[in-house]
1. Among the numbered criteria (1) under 26 Å from L272 (Cα atoms); (2) more than 27 Å from the chain's Cα centre (by Cα), which single criterion is violated by I171?
2. Could you figure out which of (1) at pLDDT 90 or above; (2) within 30 Å of A20 (Cβ to Cβ); (3) open to solvent by 70 Å² or more (accessible area, probe 1.4 Å); (4) of a type outside the set (G, A, S) isn't true of V132?
3. Please verify whether H408 is open to solvent by 30 Å² or more (accessible area, probe 1.4 Å) and under 22 Å from D464 (Cα atoms), treating the condition exactly as stated.
4. Is at least one residue of the range 296-316 open to solvent by less than 40 Å² (accessible area, probe 1.4 Å), at positive phi and not hydrophobic (A, V, I, L, M, F, W, C)?
5. Does R147 qualify as being open to solvent by 40 Å² or more (accessible area, probe 1.4 Å), under 26 Å from W23 (Cβ atoms) and not in a helix (DSSP H, G or I)?
6. Counting just the residues of the range 68-88 that are within 21 Å of R147 (Cβ to Cβ) and out of contact with any Leu (no Cβ under 8 Å at 6 or more places or on another chain), which one comes out most open to solvent (accessible area, probe 1.4 Å)?
7. Cβ-Cβ distance below 6 Å, separation of 6 or more or different chains: which pairs start in the range 385-404 with a residue that is more than 22 Å from M307 (Cα to Cα) and in contact (Cβ under 8 Å) with a residue 40 or more places away in the chain and end on one that is surrounded by 24 or more Cβ atoms within 10 Å (Cβ to Cβ) and among the hydrophobic types (A, V, I, L, M, F, W, C)?
8. Taking T54 as the residue in question, decide whether it is closer than 18 Å to S115 by Cα, among the hydroxyl-bearing types (S, T, Y) and either crowded, with 19+ Cβ neighbours inside 10 Å or modelled with pLDDT under 85 (or both).
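The values are calculated or read from the model by the stated rules, or taken from the named source; none is laboratory data. Remember, predicted model here, so these are calculated numbers, not experimental data. Note that we place each Cβ from the backbone using ideal geometry, even for glycine, and neighbour counts take in every protein chain shown. The protein model used for the area step is the full one, side chains on, heavy atoms only, and it has no ligands, DNA or RNA in it. Shrake-Rupley method; radii C 1.70, N 1.55, O 1.52, S 1.80 Å.
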Amino acid sequence: MQAELLLSDVASTSKRRLSAAGWRVLASDIARVVDIAAIALAGGTVATISSAKTTDAIGATLIIGCLLAANILPFSRAYRIEHLLHPGIGIGRAVLGWAMTIIIVIATLFAMKMSHLVPRLWLGAWFVGGAVAMASARLVLAWTWNRGDTASVMVRRIAVVGLGDRLQSVIAQVGGADAGVLVVAALELGDAPTQRWPSGIKTLVGFRHLEAEVLAGAVDQIVLAMPSRAGNLFESTMRALRHLPIDIGWAPELPDLRTPVLGVAQIGDMPLVCLLRRPLDGWRYVLKSVEDRLLAAGMLLVAAPAMLVVALLVKLDSPGPIFYRQQRRGFSGEPIALLKFRSMYVDRCDAPDATEVKQASRDDPRVTRTGRWLRRTSLDELPQLFNVLRGEMSVIGPRPHAVAHDNHYADLIDDYLGRHRVKPGMTGWAQVHGYRGETRNLADMRRRIELDLEYIDRWSLWLDLQIFYRTLLVGFTQPTAY
């Protein structure tokens, strides 16, 4: 089977930046913080309004109780998403976990011979007040999340890809996993698909069709259902899908493949072997977004005077607009208008949507006098700070290539399109290793892509800070930037 590797030309306007799994993690963590805050507030309120004198022992007990609750409540399974959205059972489980916490607190006080220092009336009132506060907070959270589209984005929409009986079996198991999981599509591999699916499951025809569903936000996880003997087909399927910013799991049997196993997940009671993970999801996505906004705002504030000078030089050097917009591909192939200071003569610039783009070379006649200096120092890239603030780019990430180059190299380099699994950046891991500007041969581009994919796999805030620091040191003096 031939894998189709090119991204769809049109990206959906309904693309979801976070997967359902990512939203679930955020919701669960928010509920944990809210529960502990409710318990702490209840304990402090009871101590304030009670007739008992607030002592250091009460304060210490309050702190110990909150720390214990933070560790005990998760074991009560009170943070499953169905219990948060429909809090009837969730409140009962949370109160049970809170009761266990109070019992352990009382046992600790007796063991430390401090029970006489903490009024029993305060402990009882704290338990009741904490239970009421948690229940109230969870009802408010459930009411908030069930309004609008918040609850729907937490439903995991799964497409199952596989062969014959194994495909049918996995669909049946996944479909009955839990209320927060929907099988929305099925793709049967092979020359003559014959299966008929239950109502509500879309039949997909080829990887292009599946890719379109992913990019439209209709699918946020793919489950592979194929036996270990289908090794070659498994490999070709992974090559066709690995560029998508989506979780891909495999319902074992385990084949003998070089594809790395990233761990084990679970849908209901069915285990899945994780083969690919969304690179930035949940709190990692939030952290990256905050980092981008803070860095971009700070850089824009510092660079504003220099940008005004550059804008004036561009305008005086040659007739035409100050800025140049070129179509590039962002997250998941989403088309974005990349903003730069114009560095070429207007009548010699490539059209924004050109199907063929020539990279700038040494002494390129299309480049203006000011443009040579701007391109050599990367100052022409500064307007992309506005792309970052709009959420289309990151400060650190794989540099976006021209659409024509994406189409060309996708057929020549394995996993080339995997770089679209995160937002493009103004600078990146490849650039601080010297891979910037003109690419003279396929080997140079292949190495650049390897570094981009290494960055995606290794992402951390610390790595971003290293790249940012190295860009300040060497990023403005690249000899191959013309």
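1. Checking I171 against (1) under 26 Å from L272 (Cα atoms); (2) more than 27 Å from the chain's Cα centre (by Cα), the one that fails is (2).
2. (2)
3. Answer is no for this residue.
4. Scanning the range 296-316, I find no residue that is open to solvent by less than 40 Å² (accessible area, probe 1.4 Å), at positive phi and not hydrophobic (A, V, I, L, M, F, W, C), so the answer is no.
5. yes
6. H86
7. Qualifying pairs under 6 Å: G397/V422.
8. yes
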